[in-house]
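Derivation of every value follows stated rules applied to the coordinates shown; laboratory data play no part. Keep in mind that this is a model prediction, so the values were computed, not measured. In this analysis, Cβ positions are derived from the backbone assuming ideal geometry, glycine residues included, and neighbour counts consider all displayed protein chains.
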Amino acid sequence: LSRCQGAADIRRFVESQEIPSAKEHQLTTKPALKIVLIGYTYLIFDDFLSLNMSDYLRKNGAIVFTYKSVTQEVLNKVRVNLTRDIYWEEPFWMFRAFNHFLNSVGENSIDGIIYVTSFSCGPGSYMKELFDRRARAQEYRVNFMSLVIDEHTSETGLETRLEAFLDMIQRRKRRAIC
């Protein structure tokens, strides 16, 4: 799947979203950031477990994608170059979606990716390492953050990290324009 095809998929998804009214648009001076949440569905879609992460990102002007935003047809076409297979079902599809979004990084596409996991061992730690290395690879250099949610995670601490991540992306975008 080429970078252009990935960016076109994201553009179509963004265009299908509700457009804020002129008044709402005036309240937000920053352009909307496109953020991808990658992680197990129970962590991404459950408001209690995710500490309302998606809502917080949306309230701060982000358009949120998940790996479930990508159709199965598109995921089947994504080429993944790994030396070993991924044997777990959901991480396998998460990694394909991650690569799909990586191929659409750039102008008018994804601004950042957040990997959410609940354990720092097992498949979660393996996938974190794969995502981290791929995101920092020279050809991508995408804004990437990994979040481990456990019994010690507080909503305030999570919001602080998300706010810092969004601010970092905004700063990098402003610097790139100058």
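How about region 54-151: which GluC sites (Glu not before Pro) there are in a DSSP loop, with at most 13 other Cβ atoms within 10 Å of their Cβ?
Glu107, Glu139, Glu151
Of Ser154, Val116, Leu130, which is farthest towards the positive pole of region 113-178's charge dipole, taken about the Cα centre with +1 and -1 on the beta-carbons of Lys, Arg and Asp, Glu respectively?
Of the options given, the answer is Leu130.
Would you please classify the overall shape of region 102-168 from the alpha carbon gyration tensor, given that a ≥ b ≥ c denote the square roots of the eigenvalues, rounded means a/c under 1.5, and beyond that prolate means a/b larger than b/c while oblate covers the rest?
Since a/c reaches 1.5 but b/c is at least a/b, the shape of region 102-168 is classed as oblate.
Determine ³J(HN,Hα), in whole Hz, for all residues of region 165-175 in sequence, where each value follows from phi through the Karplus function 6.51 cos²θ - 1.76 cosθ + 1.60 and θ = phi - 60°; x replaces Gly and Pro.
Karplus-based 3J(HN,Hα) across region 165-175 equals 5, 5, 4, 4, 5, 4, 4, 4, 5, 5, 5 Hz.
Amide H of Phe65: which non-local residues (sequence gap of 5 or more, or other chain) have their own amide H closer than 5 Å, using H built in the peptide plane?
Counting only residues 5 or more places away or on other chains, the set is Ile35, Val36, Leu37.
Only Cα pairs under 8 Å and at least 6 apart count here; give the relative contact order of region 27-166 as a rounded whole percent.
Dividing the mean separation by the residue count of region 27-166 yields 28 percent.
In terms of modelled amide H atoms, which long-range or inter-chain residues lie less than 5 Å from the amide H of Ser146?
Excluding prolines and chain starts, which carry no amide H, the hits are Tyr115.
Taking region 36-93 on its own, what percent of its Cα-Cα pair distances exceed 13 Å?
I get 69 percent for the Cα pairs in region 36-93 exceeding 13 Å.
Which whole-Hz ³J(HN,Hα) couplings does region 43-58 yield from phi under the Karplus relation 6.51 cos²θ - 1.76 cosθ + 1.60, θ = phi - 60°, glycine and proline marked x?
After applying 6.51 cos²θ - 1.76 cosθ + 1.60, I find 7, 7, 9, 8, 4, 5, 5, 8, 6, 6, 4, 4, 4, 4, 4, 5 Hz.
Quick one: what are the phi-derived ³J(HN,Hα) couplings along region 149-156, Karplus 6.51/-1.76/1.60 with θ = phi - 60°, whole Hz, x for glycine and proline?
Using θ = phi - 60°, the values come out as 9, 9, 5, 9, 6, 10, 4, 5 Hz.
Find the Cα radius of gyration of region 28-157, compare it with 2.2 N^0.38 Å by division, and give the number to two decimals.
With N residues counted in region 28-157, Rg over 2.2 N^0.38 Å equals 1.03.
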